[in-house]
Structures are given as C-alpha cells and as structure tokens.
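Novice: My questions all concern the structure below.
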Amino acid sequence: PAIISIYLGDMLNEVIEQVKASGAASSSRKGGTMTLGVDTLPVLPKDAGDRNRTSPFAFTGNKFEFRAVGSAFSVAGPLTVLNTIMADSLDMLADELDVEMKSTKDFNVALQKVLKAILTKHGRIIFNGNGYSEEWHKEAEKRGLKNLRTTPEALPEIASKAAVELFERQKVLSKDELHSREEIYTHSYVLSVKTESKLTSEIARTLLLPAAFKYAIELTAVADSKSGKKLRSEILALADQLSDAIDTLDKERAFESDTHSNAKHACAKVLPAMLKVRAAADALEDLVADEYWPLPSYQELLFLR
C-alpha cells in the first residue's frame, strides 16, 4: 500500500496503549496455543503477534520488516533514510529527556513522561488492520497520513523541506544532493515508461495484430457456420480495438524536455494508454487459437504446459 504505517501486532500494541494511557506498561498479552484439529498432533505454542502481510513496516516478533522497497531497487537507499530517521529520533529523544531531567531527578519518571508524549503525538501511524482496505484509506486521510499512489507524486518527497532539514541536521546529505537524487529517480522513471511503452506498441503491432488477422483468415473457411462467423467477427472487432489503442499509445508517447512534466505525462497519459493496449490484447488471447498466438499465454505461464 502507498500509505506508510507501522504494524505492531496485538501484544505490542497493547503495551503501547498502556504507555499512552499511564506512561508505563503493567501487562502484555500471552501467545497461547495453536489448535490444529488433530488429536494425534502435539499442542504448538502460538506467537502473540501474527504476521500482517499488508503492512509496509511490520514488527515480526523480534524485528521490524520494511517491505516497501521495489524489486528493481537496492535496499541501500531506503536503509540510509531509515537509519537517518532513527538517528534523528534518538537525538530528539535524548534532548527531551535532558529537558525533563531538569525538573525531575528520576530517570524512569522522565522517560515515561517523554514516551507517553511521543506515542500520543505520533500514534496515528500505528495500524494493525488490512492496509489495502478502503476503510483504512479513509481512516488514514482522517489521521493526516499521506497516500502517494503514483511515482510522480512520491518522488518530490525526497527533496521536500522536511527531508532536507532532516538530512542536513544529521549531516548525511545536502540539499543539492537530495535534489539531484530526486531528479535522477524521476528521469529514470520517465526512461522506464518510454522503453516499456515503445515495446508495448511494437509487440502489439508486429506480433499480436498479425496473429489475429492470420487466424481470422483461417476462420473464413468456416464462415458459413454461425459460430465461425461470430468468432471471426469478434476477433476482427478486437483487432480494430487493439489497432486504435496502439495508435493512441504512439500519440501519447510524445514527450517534452522537462523531466517532471514528462513524469506526470507518463503517469497520467502513457500508462493508461498501455493498459488499453493490454486489455485488447488480453481479450484477443482468449479467442485466438494457441498455435497462432506468438507469445506464451497466461495459461502456459501459470501451468507450464
């Protein structure tokens, strides 16, 4: 999901709620046992915190998992960000503890007060439910959490005012270095969409359309039958849709010189045009005989036939 939230699990969340309420935790939930429904199997201990696979940032027993890194990217960049945030948070925590220690000499009392204030202020980021549900999207909006659904929306956050202040405060990256990274990532996004859209157009025009027409010609031999005539008509209609979608995609593939304008155009115009090509191609794949279809079908990919 595009909304960054933290999953803690029922056990840790219960502890957090106690700290928010009183500044300290007096109890925590137990794991219990797992019932397998088979008498011959032994009773197994059950983890008190389950595994929420819809959370981008989840606590899983003894560690946090950050799951928002794209498959094509190195984890080094996100780790740099997370470690910088961690260092800045520890700095802030130490400063606030120093302030509290001036009014009380008891470290535990000062710590409980600081923790309660921090959890009350930032607890809105904790969410233990389904990160893909529409209810969470509405709730996240109420909480003031950002929902950056597309790459052109998300990339400017790299060089936002808050990000620049954070990285400069910790002496990790300068403002210019952050802006350069944002520019490079945006340019890379545009290049990726350009390449993918070009290949989409070429594959559809040079492989899929000829296959559809070739099969339609084959069907002329059974044009006298009702089913053959209907199938041929459907294939030709979808071929026309595919051709129109390719023409629209080729038209939208005209980019300007400004990188950020190109990124917005790629997201708003080019990607939807590619999806229309795909929709027509998927529909044709369902009708064209396997021996005429030039690419592996979904069925072949799924079942390795």
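Novice: Going residue by residue through region 252-260, is there one that turns out to be basic (Lys, Arg) and part of a helix (DSSP H, G or I)?
Specialist: Looking for residues that are basic (Lys, Arg) and part of a helix (DSSP H, G or I), one finds none in region 252-260, hence no.
Novice: State all residues of region 113-142 that are of a type in the set (Lys, Arg) and closer than 19 Å to residue 21 by Cα; if no residue qualifies, say none.
Specialist: If the condition is that a residue be of a type in the set (Lys, Arg) and closer than 19 Å to residue 21 by Cα, then 113, 116, 121, 124 are the ones that fit.
Novice: Which residue, of 155, 97, 111, 178, is closer than 20 Å to residue 56 by Cα and not assigned by TED's automatic domain parsing to the domain that holds residue 256?
Specialist: Of the residues listed, the single one that is closer than 20 Å to residue 56 by Cα and not assigned by TED's automatic domain parsing to the domain that holds residue 256 is 155.
Novice: Right, another one. All but one of (1) within 22 Å of residue 126 (Cβ to Cβ); (2) surrounded by 12 or more Cβ atoms within 10 Å (Cβ to Cβ); (3) modelled with pLDDT of 75 or more hold for residue 25, so report the exception by its number.
Specialist: (3)
Novice: Filtering region 59-90 down to residues that are in a loop (DSSP other than H, G, I, E, B) and among the polar types (S, T, N, Q), which residue is nearest to residue 114 (Cα to Cα)? I'd like the intermediate steps shown before the answer.
Specialist: Step one: of region 59-90, the residues in a loop (DSSP other than H, G, I, E, B) are 60-63, 67-75.
Checking the rest, the ones that are also among the polar types (S, T, N, Q) come to 60, 62, 71, 74.
On the way: 60: 25, 62: 24, 71: 38, 74: 35 Å.
Going through the qualifying residues, I end up with 62.
Novice: Same structure again: Return the only residue of 84, 60 being in contact with a helix residue (DSSP H, G or I) (Cβ under 9 Å, 6 or more places away or on another chain) and modelled with pLDDT under 95.
Specialist: Only one candidate qualifies: 60.
Novice: What about residue 52, is it surrounded by 16 or more Cβ atoms within 10 Å (Cβ to Cβ), out of contact with any Asp or Glu (no Cβ under 8 Å at 6 or more places or on another chain) and modelled with pLDDT under 85?
Specialist: On the way: surrounded by 16 or more Cβ atoms within 10 Å (Cβ to Cβ): yes; out of contact with any Asp or Glu (no Cβ under 8 Å at 6 or more places or on another chain): yes; modelled with pLDDT under 85: yes.
Yes; evaluated as a whole, the condition is true for this residue.
Novice: How many of the residues in region 189-204 are surrounded by 15 or more Cβ atoms within 10 Å (Cβ to Cβ) and of a type outside the set (Val, Ile, Thr)?
Specialist: The number of residues fulfilling the criteria is 5.
Novice: Conditions first: (1) closer than 30 Å to residue 96 by Cβ; (2) surrounded by 14 or more Cβ atoms within 10 Å (Cβ to Cβ); (3) in the same structural domain as residue 84 (by TED's automatic domain parsing). Residue 122 passes all but one, so which condition is the exception?
Specialist: (2)
Novice: Something else about it: Can you tell me which of 268, 254, 212, 280 is in contact (Cβ under 8 Å) with a residue 40 or more places away in the chain and under 30 Å from residue 153 (Cα atoms)?
Specialist: Details: 268 fails: in contact (Cβ under 8 Å) with a residue 40 or more places away in the chain; 254 fails: in contact (Cβ under 8 Å) with a residue 40 or more places away in the chain; 212 fails: under 30 Å from residue 153 (Cα atoms).
When all the criteria are applied, what remains is 280.
Novice: Then there's this: Take the residues in region 260-270 that are of a type outside the set (Lys, Arg) and surrounded by fewer than 18 Cβ atoms within 10 Å (Cβ to Cβ); name whichever of them is nearest to the chain's Cα centre (by Cα).
Specialist: Residue satisfying both the conditions and the ranking: 268.
Novice: Of (1) within 31 Å of the chain's Cα centre (by Cα); (2) at pLDDT below 95, residue 218 satisfies all except one. Which?
Specialist: Among (1) within 31 Å of the chain's Cα centre (by Cα); (2) at pLDDT below 95, the lone unmet condition for residue 218 is (1).
Novice: So for region 239-253 (the condition being at pLDDT below 95, out of contact with any His (no Cβ under 9 Å at 6 or more places or on another chain) and exposed (fewer than 13 other Cβ atoms within 10 Å of the Cβ)), does at least one residue qualify?
Specialist: no
The values are calculated or read from the model by the stated rules, or taken from the named source; none is laboratory data. As the structure is a computational prediction, the values presented were derived from the model and not from experiment. Note: ideal-geometry Cβ built from the backbone for every residue, glycine included; neighbour counts use all protein chains shown.
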